[in-house]
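J.: Sending over a structure as structure tokens; questions will come in a sec.
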Amino acid sequence: MEITALTDFSSAAIEQAFAEVLADAQASIAAPSFDAEAFRLEWLGRKQGRLKALSDAWLKTAPVEAKKLIGQRFNALKEQIETALENAGSLNAKASAATLDISLPGSAQSLGAEHPLIKTMAEIVDVFKRMGYSLRLGPEVENDFNNFESLNFPPNHPARDTQDTLVLADQEKRPLRERLLMRTHTSPVQIRSMLSEEPPLQLVIPGKVHRNEAADATHSPIFHQVEGLCVGPKVTFSDLKGTLDHAMKALFGSSVKTRFFPSFFPFTEPSADVQISCIFCGGKGCRKCKHSGWIELLGCGMVDPNVFEAVNQRRIELGREPAYDPAKISGFAFGMGVDRITMMKYGISDIGLLYSGDTRFLAQFA
Ligand code: FA5
């Protein structure tokens, strides 16, 4: 409502004008679109409220003899509007209490569940824990010595190209072995453990790793590995074969067979790739195993004596006993990609889905 200046200052005209304003305010309060806060601002706002405008228009310009009555009516109007607003508030609260229907279904809080990657990683770790292995973890930001040099990847050696590396910025001034990078595999935790612990060791090492690789259906720049390390006197390749054969049977079923092929990793000698008989066709040949009956699952080998030498050298630098004499100590190591095992287990065709954070996808595995 526009507030127009009063021209008639008789008491009847003043009463009439104030009654119209009150009726207008009451109509707003009764309207279905009533919003208490908006109303309060519109009517009672200190600077731009309608009552302020009213006081400017009527009270200030009134002749002296009418000022007293207009002042009294103005105060009464303010109180009437405030009371109406308060009543509307408590009526609203009562109305909403009255419409609370406790028989309606509630809004369910959905429970979270383990991510399939984490579930698979925990299952693998568990198999090795049951064989007496202890859990070790390491940082994702690693130094060059632990990730490469000590693992027999010499500086500038082409073997480093097999693990395209994300390096941290502004490291050039540091000696190469101290430069920081995102670990490309879980193997540096082998080194960290041997630097701080004495043999014998039986360790299982799960974790996230990073490579500067383009993503496709089977490659992700971030993925997960589980590593194993067993070091002690007289640890042999037969121990490695027996351990992995048992682990694969525990993971994929007792009828699964394993076979070992010569391979190469700088830090193991000899090295092998391990295949398991296809879990989908039992080894008969199908699309999943490209009709070969076998699926390649992990890399392994006997710890290269150069790795023990590098560990001993560093232990001496750190003031520790060189406890890993390759003449007295031997060991095996293995490493597997958790993402691809998860994909195989759950029939997931695109690795990207594991990192999409899409709850519609993840809910299937809860
Ligand atoms: C290694 O990383 C070795 N450290 C494993 C090892 C440990 C061998 C101990 C011997 C002894 P490799 O680069 O092949 O090896 O990676 C191991 C596994 O990680 C692969 O078999 C594969 O399953 C997985 N992997 C590698 N790159 C990717 C990627 N971009 N996305 C998803 N999984 C990957």
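J.: Any residue that is in contact with a helix residue (DSSP H, G or I) (Cβ under 7 Å, 6 or more places away or on another chain) and not in a helix (DSSP H, G or I) - is there at least one of those in the stretch 301-312? Talk me through it step by step, then tell me what you get.
T.: Of all residues in the stretch 301-312, those in contact with a helix residue (DSSP H, G or I) (Cβ under 7 Å, 6 or more places away or on another chain) come to 302, 307, 310-311.
From the residues that got through so far, the ones that are not in a helix (DSSP H, G or I) too are 302.
Yes; the residues of the stretch 301-312 include at least one that is in contact with a helix residue (DSSP H, G or I) (Cβ under 7 Å, 6 or more places away or on another chain) and not in a helix (DSSP H, G or I).
J.: Can we say residue 334 is within 15 Å of the ligand (Cβ to nearest atom) and closer than 28 Å to residue 119 by Cβ? Break it down stepwise before answering.
T.: On the way: within 15 Å of the ligand (Cβ to nearest atom): yes; closer than 28 Å to residue 119 by Cβ: yes.
Yes, satisfied.
J.: Can you run down the residue pairs with Cβ atoms below 7 Å, 6 or more apart or on separate chains, where the first is in the stretch 216-228 and farther than 26 Å from residue 133 by Cα and the partner is part of a strand (DSSP E or B)?
T.: Once the first residue is farther than 26 Å from residue 133 by Cα and sits in the stretch 216-228, its partners that are part of a strand (DSSP E or B) give 221/210.
J.: Something else now. Kindly list, by first and then second residue, each pair from a residue in the stretch 18-35 that is without any contact (Cβ under 8 Å) to a residue 24 or more places away in the chain to a residue that is not acidic (Asp, Glu), limited to pairs with Cβ atoms under 7 Å and residues at least 6 apart or on different chains.
T.: 24/1; 28/34; 28/39
J.: Also, I was wondering about something else. Only one of these is free of Cβ contacts under 8 Å to residues at least 60 places away in the same chain and buried (at least 16 other Cβ atoms within 10 Å of the Cβ): 265, 280, 332. Name it.
T.: Values: 280 fails: buried (at least 16 other Cβ atoms within 10 Å of the Cβ); 332 fails: free of Cβ contacts under 8 Å to residues at least 60 places away in the same chain.
The conditions single out 265.
J.: Also, I was wondering about something else. Look through the stretch 128-179, keep the residues that are surrounded by 19 or more Cβ atoms within 10 Å (Cβ to Cβ) and hydrophobic (A, V, I, L, M, F, W, C), and return whichever of them is nearest to the ligand (Cβ to nearest atom).
T.: Filtering first and then ranking leaves 151.
J.: Just give me the residues in the stretch 246-288 being assigned to a helix (DSSP H, G or I) and either within 16 Å of the ligand (Cβ to nearest atom) or modelled with pLDDT under 95 (or both), in sequence order.
T.: First, the residues of the stretch 246-288 that are assigned to a helix (DSSP H, G or I): 246-252.
Result: 247, 248, 251, 252.
J.: Do you know which of the residues in the stretch 180-207 that are within 24 Å of the chain's Cα centre (by Cα) and away from the ligand (no atom under 11 Å from the Cβ) is surrounded by the fewest Cβ atoms within 10 Å (Cβ to Cβ)?
T.: Filtering first and then ranking leaves 180.
J.: Count, please, the residues in the stretch 125-160 that happen to be within 18 Å of residue 194 (Cβ to Cβ) and of a type in the set (A, V, I, L, M).
T.: 3
J.: Do you know which residues across the stretch 289-309 are away from the ligand (no atom under 15 Å from the Cβ) and buried (at least 17 other Cβ atoms within 10 Å of the Cβ)?
T.: 289
The values are calculated or read from the model by the stated rules, or taken from the named source; none is laboratory data. Quick caveat: nothing in here was measured; it's all calculated off a predicted structure. Glycine gets a Cβ as well: all are built from the backbone with ideal geometry, and neighbour counts include every protein chain shown.
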